[in-house]
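The values are calculated or read from the model by the stated rules, or taken from the named source; none is laboratory data. If you're wondering where the values come from, they're calculated on a predicted model, not measured in any experiment. Note: ideal-geometry Cβ built from the backbone for every residue, glycine included; neighbour counts use all protein chains shown. Areas reflect the complete protein model, heavy atoms only, side chains present, ligands, DNA and RNA absent. Shrake-Rupley method; radii C 1.70, N 1.55, O 1.52, S 1.80 Å.
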Amino acid sequence: MTTEQSASGSPRPDAAGNADAAGKAGTAGKAGTAGKADAAGKAGTAGKADASGITGRTEAEASGTAGKTDTAGRTGKDAAGAGATGGTSGKADAAGKADAAMAASGKMAASGKKEAETRASGKTDATGKIGASGKADATGEAGAAGTAGAEDAAGDGGKAATGKAGDGSGKAEDGKPDRWEAFASAPEPVPSRLGRATRAVGRLLVHEWTLASLASLALAVLLTWPTLRYPRHTLPQDYWDPSLQAWQMAWSGHILLTNPAQLWQSNTFFPEPWSFAFSDTLLGYAPAGMLGTGPEAAVLRYNIMFVLAHALATLGAYALARQLGAGRIGSAVAGVSFAYAPWLLAQAGHLHVISNGGIPLALAMLARGHGWSLRHGYRPERRHDGWVYTGWLVAAWQLSLGFGIGLPFAYFLAGTVLVAAVTWFLRRWVVRPVKRPFGRRLLIADLVGGLLFAGVGALLAIPFFTVAEAHPNAKRSIGDIAIYSPPASGFFTAPAESRVWGGLHEGARALLPWHPEMTLLPGFVLYALAAGGLFFSVWKLRHRLLLLAGVVVTMVLAMGTRFFDGTFTYVPLFEYLPGWNGLRTPGRLMLWTTLLLGLLAAGAVSAFATRVREISAERIPSWPSPWLRLATLLPLVLVVGEGLNSTPHPVVPPQPAAMRTVDGPLLVLPSNQSLDQPVMLWSTTRFQDVVNGGSGFTPRQLDDVRRVTLSFPDQVSVDYLRVLGVRNVLLMRDHIADTPWEITVDAPVDGLGITREELGDVVVYRL
């Protein structure tokens with residue numbers, strides 16, 4: 001703190017002969033009549049001045065005077081309690097703090113503390129003036145008169161300054177550079193625009209969510225390998241359902257670019273209307289379908305989305321666990337166990353089941369927007385309506401990928417909103433008549449977002465209800481549900497695609513009626529971690545019990561009619577919830593069981609990691625040993641290991657050249673569920689109308705076509721196809737073994753009014 005130097009550079013005595021209490025010593029090193037000058041503003045009789053607590057001898061002592069400066073760093077008495085000036089203690093409180101003024105009676109006013117700081121020139125100003133009563137005017141700063149005997153009371157080692165006080169500019173009054181300037185810290189450079197941008201990019205690259213996204217993507221590539229080894233020619237698990245879903249993405253992208261009004265009138269199942277709604281549509285992937293044309297592009301697109309779906313599932317579950325209050329490693333366990341649970345390996349051929357990452361991601365966004373977490377409860381200051389809008393948008397996008405996974409999610413959201421509204425009402429008006437902050441903007445966001453979600457669901461449901469009405473055989477029955485309902489042993493049986501447990505569980509799978517949908521093992525490691533989370537967790541006990549209840553309920557529902565015939569569990573949902581009777585496989589509700597088990601496991605792993613940090617903090621130095629670090633990662637490593645797959649990746653049948661040249665409407669023979677799905681994929685070059693098609697059910701008309709054309713080419717089948725509107729028939733020689741066409745393929749067509757042409761391995765009949 002800078003003070004001003006007195007005009008004469010030396011203390012001026014008052015009428016009583018007292019020394020200047022601003023901390024100045026006399027020229028000869030002597031104080032006024034009271035003795036030595038107290039550097040804190042008090043005259044002492046003991047002949048010592050406490051010079052701001054810094055060790056060193058004063059210039060006054062060096063000049064041979066009797067005055068000595070006590071620089072041992074001792075704390076003096078407070079000026080406010082020292083009584084009148086000139087106390088007998090002989091020592092001043094020179095710790096760099098003093099009161100700002102002295103009362104007229106001679107007592108120092110304790111109005112505040114000041115800090116004495118060293119001048120760059122090594123001198124301090126002396127502003128002390130002598131009061132009318134003869135007492136020193138204490139400003140709380142030590143001054144140094146510019147004489148040889150002046151004390152350096154600012155604390156530069158007790159040595160006196162020989163020059164004059166500076167003005168803070170780094171130079172003495174004579175204009176010479178300050179000799180101590182070289183020791184001053186250099187000013188921090190102002191970064192340029194490029195530097196600021198570089199720092200911002202660097203912070204973004206090391207941000208938690210950037211690292212989590214990159215790690216999820218890298219893990220998806222590794223744990224789905226060899227999906228991207230030959231991405232234009234192979235498909236995971238088999239080439240039947242994946243071919244159908246590759247066509248779905250290609251069709252939605254193509255038709256939205258060319259004729260959006262015909263979205264639901266696809267080029268397959270000719271001449272059936274609403275044929276795009278014969279199975280889940282993956283409509284949310286339509287933007288990807290706008291890129292590229294033809295079967296190879298469709299297969300490449302499918303494989304890329306297959307890998308990205310795993311990455312999104314990992315990231316979504318990680319985000320949900322983090323928002324709820326889990327640590328990073330615990331959240332990683334939740335994310336990996338959710339995306340790579342062994343039971344999901346049996347669903348590798350069902351992209352609409354694998355594409356589930358929007359569920360936990362939307363829940364995480366909605367929880368963040370409402371300022372709510374499982375660990376910390378409701379925190380109004382963390383509310384943000386932007387996250388609420390985004391959460392509802394992600395939820396609507398997830399619903400557009402298919403009702404097989406999206407319909408239970410929609411009912412879960414509806415139930416959550418209902419419970420939250422009732423809870424808020426009870427706390428607001430009944431239990432606790434205290435207004436709980438919610439916010440008008442947040443309420444509007446929920447209303448708008450909820451209406452958007454409901455609107456998307458309604459628009460998507462209309463075609464499916466239309467199809468269900470036009471095709472009664474598309475409706476499921478309780479008998480159909482019973483066929484796919486897994487027993488309790490399915491929760492401990494892994495599919496054949498599990499590299500760790502697949503071979504060991506071969507005998508258990510043989511006992512299941514339909515093992516692709518009944519092998520529901522979420523992972524033995526996950527079971528163990530979730531069980532530990534019931535006793536040792538960062539979650540509160542009531543939250544652990546709620547998660548456990550959710551696990552039990554979802555497992556019971558996943559058993560379908562196997563749990564006491566489903567009388568009080570699955571059957572009421574099947575009969576009374578709109579659309580629920582369209583769900584064929586109750587075992588896919590295991591998705592929710594896996595998510596809840598992952599949250600229980602995240603609580604246990606987070607508590608364990610916290611305990612490891614506490615142990616490491618007690619160590620000297622406070623750094624965990626390699627074994628402790630390894631222990632925190634062990635649960636994650638085990639979960640990753642249990643998710644390793646041995647999924648086959650067969651080569652997709654190549655597109656016949658005739659599919660690139662022959663116009664529609666056309667029929668490809670032989671026709672059955674397995675062969676028609678690759679035919680749908682082959683049609684992505686021109687999207688000509690084809691009678692063939694594969695879905696969750698077979699329309700009666702397609703059944704009739706397959707039955708009538710067993711004798712093709714003959715007059716009956718030709719006339720029937722002409723009435724139907726078919727112009728060309730393609731008969732594939734590679735697939736006619738052990739079929740009636742093996743005999744009739746080379747039969748003459750004279751008299752039928754049709755022509756026959758060979759195009760490679762395909763025989764083209766033009767009607």
Looking at (1) assigned to a helix (DSSP H, G or I); (2) surrounded by fewer than 24 Cβ atoms within 10 Å (Cβ to Cβ), find the lone condition where G330 falls short. (2)
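Kindly establish whether G503 is at pLDDT below 95 and small (G, A, S).
Criteria met by G503.
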Does segment 478-485 include one or more residues that are of a type in the set (D, E, K, R) and out of contact with any Lys or Arg (no Cβ under 9 Å at 6 or more places or on another chain)? no
So R301 passes all but one of these: (1) outside any loop (DSSP other than H, G, I, E, B); (2) farther than 30 Å from L595 by Cα; (3) of a type in the set (D, E, K, R). Which condition number does it fail? (2)
Give the residue that is nearest to T685 (Cα to Cα), with candidates limited to residues of segment 267-301 that are among the hydroxyl-bearing types (S, T, Y) and open to solvent by 10 Å² or more (accessible area, probe 1.4 Å). T293
Out of the residues in segment 574-623 that are of a type in the set (A, V, I, L, M) and open to solvent by 40 Å² or more (accessible area, probe 1.4 Å), state the one that is farthest from V639 (Cα to Cα). L577
Which of the residues spanning segment 725-747 are within 23 Å of T268 (Cα to Cα), open to solvent by 60 Å² or more (accessible area, probe 1.4 Å) and not in a helix (DSSP H, G or I)? R727
Can you name the residue in segment 629-644 that is over 30 Å from Q237 (Cα atoms) and either open to solvent by less than 40 Å² (accessible area, probe 1.4 Å) or outside any helix (DSSP H, G or I) (or both) and, of all such residues, is modelled with the lowest pLDDT? A631
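Here's the yes/no breakdown for (1) closer than 29 Å to I329 by Cα; (2) at pLDDT below 95; (3) among the charged types (D, E, K, R):
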{"residue": "Y484", "(1), (2), (3)": "no, yes, no"}
{"residue": "L511", "(1), (2), (3)": "no, yes, no"}
{"residue": "W514", "(1), (2), (3)": "no, yes, no"}
{"residue": "A531", "(1), (2), (3)": "yes, no, no"}
{"residue": "L557", "(1), (2), (3)": "no, no, no"}
Quick count over segment 384-413, residues being buried (at least 19 other Cβ atoms within 10 Å of the Cβ), more than 19 Å from F438 (Cα to Cα) and of a type in the set (G, A, S), is 6
